[in-house]
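The structure appears right after this line, and notes come after that.
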Amino acid sequence: MVGVKSANIKADRISEMVRVIKANPYVTSTQLSKMFSVSTSTISIWKKKAGLNIDKA
C-alpha cells in the first residue's frame, strides 16, 4: 500500500529528527530543514507530532 509506505517513511524521518534534536538540543529549525530537505513549517509540524513543543528559529 502506498499510503502505509509513505507514512512509515515519514515516521522514520520524524524519529531521526528527534534523535538529532536529542543529540544536539541547540539545533535550529532552519538547520533541521536543510538536513531533511523540507520547509521550516514542516519541521514545526513534525515537532508537534513528536511532542516537542520547542520552536526555535
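Of the residues Val38, Val27, ranked by 1.4 Å probe accessible area with the largest first, the sequence reads Val38, Val27. Counting Lys and Arg as +1 and Asp and Glu as -1 over every other residue whose Cβ lies under 11 Å from the Cβ of Met17, the net charge comes to +4. Across the protein chains, with a 1.4 Å probe defining accessible surface, the residues Lys47, Lys10 rank Lys10, Lys47 from largest area downward. By the helix-only formula, in which each DSSP H run with n ≥ 4 contributes -39500 (n - 2.57) and the sum is divided by residues, the chain has a 222 nm mean residue ellipticity of -23000 deg cm²/dmol. Mean silhouette area of the chain, derived from the convex hull of its C-alpha atoms and averaged over all directions, reads 3.7 nm².
The listed residues Ile45, Ile14 rank as Ile45, Ile14 when sorted by accessible area, largest first, using a 1.4 Å probe. Solvent-accessible surface (1.4 Å probe) assigned to Met35 amounts to roughly 110 Å². In the context of the full set of protein chains, the chain has a per residue accessible area of 71 Å² (1.4 Å probe).
The values are calculated or read from the model by the stated rules, or taken from the named source; none is laboratory data. Model, not experiment: these values are computed from the prediction. So basically every Cβ, Gly included, is an ideal-geometry build from the backbone, and we count neighbours across all protein chains shown. Quick note on the areas: whole protein, heavy atoms, side chains included, nothing else; ligands and nucleic acids left out. Shrake-Rupley method; radii C 1.70, N 1.55, O 1.52, S 1.80 Å.
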